[in-house]
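J.: Have a look at the structure that comes next, please.
The values are calculated or read from the model by the stated rules, or taken from the named source; none is laboratory data. In this text the structure is predicted, and so the values were computed from the model without any measurement. A quick note on method: Cβ atoms are made from the backbone with ideal geometry, for glycine too, and the neighbour counts reach across all protein chains shown. Just so you know, the surface numbers come from the protein's heavy atoms only, side chains and all, with ligands and any DNA or RNA stripped out. Shrake-Rupley method; radii C 1.70, N 1.55, O 1.52, S 1.80 Å.
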Amino acid sequence: VQLQASGGGLVQAGASLRLSCAASVLTTSTNAMGWFRQAPGKERVFVAAITWRDGSTHYSDSVKGRFTISRDGAKETVYLQMTNLKAEDTAVYYCAVTKAPWRYVRISSRYDYWGQGTHVTVSS
């Protein structure tokens, strides 16, 4: 499985961006796809996840109500719509795929494949 993330950029606070993550091939064992982010000098943290089968979603408290994760099964692509961006959203955003049960989707070590990351910079 190869993941290609795109859509990052430099925006002002309050703006919106949509990230995309296209998977080369998803297997039947794929349970969910997630987005994580890593700010300079900080650890990688969970942002959002979506189950591939029924579209259930889960968000970190820091983005709930501002970010929306969605999927297009036909294109094997996951999106992260980010609105009302804040300076603290500045980070490299990574998409990933996991076979693990839903209760583990916040845990980066449970993801099996990772994309290369896309930079998001929000100026205040």
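J.: State the Kirkwood hydrodynamic radius of the range 54-124 in Å, one decimal place, computed from all pairs of distinct Cα atoms.
T.: By the Kirkwood definition, the hydrodynamic radius is 13.6 Å.
J.: A further question follows. Out of SER56, SER16, SER109, any idea which swings most in a Gaussian network model of the chain, alpha carbons joined below 10 Å?
T.: SER109
J.: Right, another one. Can you list the aspartates and glutamates whose alpha carbon sits under 16 Å from that of LYS75, skipping same-chain ones fewer than 8 residues off?
T.: ASP54
J.: When the Karplus curve 6.51 cos²θ - 1.76 cosθ + 1.60 is applied with θ = phi - 60°, which whole-Hz ³J(HN,Hα) does each residue of the range 42-54 get, with x for Gly and Pro?
T.: Per residue, the Karplus-derived 3J(HN,Hα) values read 10, 7, 6, 10, 5, 10, 6, 8, 9, 6, 6, 6, 10 Hz.
J.: By average Cβ neighbour count within 10 Å, what is the ranking of 31-41, 74-84 from highest down?
T.: Result, highest mean first: 31-41, 74-84.
J.: I need the phi-derived Karplus couplings for the range 21-35: 6.51 cos²θ - 1.76 cosθ + 1.60, θ = phi - 60°, integer Hz, Gly and Pro marked x.
T.: 9, 9, 9, 5, 8, 9, 8, 5, 8, 5, 9, 8, 10, x, 10
J.: Rounded to the nearest 5, what % of DSSP beta bridges with both residues in the chain are antiparallel? Each step should come with its number before you reach the end.
T.: Numbers: 38 of 42 bridges.
Counting DSSP beta bridges with both partners in the chain, the antiparallel share is about 90 percent.
J.: Report the percentage of all Cα-Cα pairs in the chain whose separation exceeds 24 Å, rounded to a whole percent.
T.: Roughly 18 percent, once rounded to a whole number.
J.: Related question: FRET efficiency for ARG66 and ALA100, Cβ-Cβ distance as r, R0 = 30 Å, nearest 0.05? Kindly include the intermediate steps, with their values, before the conclusion.
T.: Numbers: r = 26 Å, r/R0 = 0.86.
About 0.70, to the nearest 0.05.
J.: Just the number, please: carbon plus sulfur as a percent of the accessible area of the chain, 1.4 Å probe, no ligands or DNA/RNA counted.
T.: Ligands and nucleic acids excluded, carbon and sulfur give 46 percent.
J.: Write down the accessible area per residue of the chain in Å², having rolled a 1.4 Å probe over the full set of protein chains.
T.: Result: 51 Å² of accessible area for each residue.
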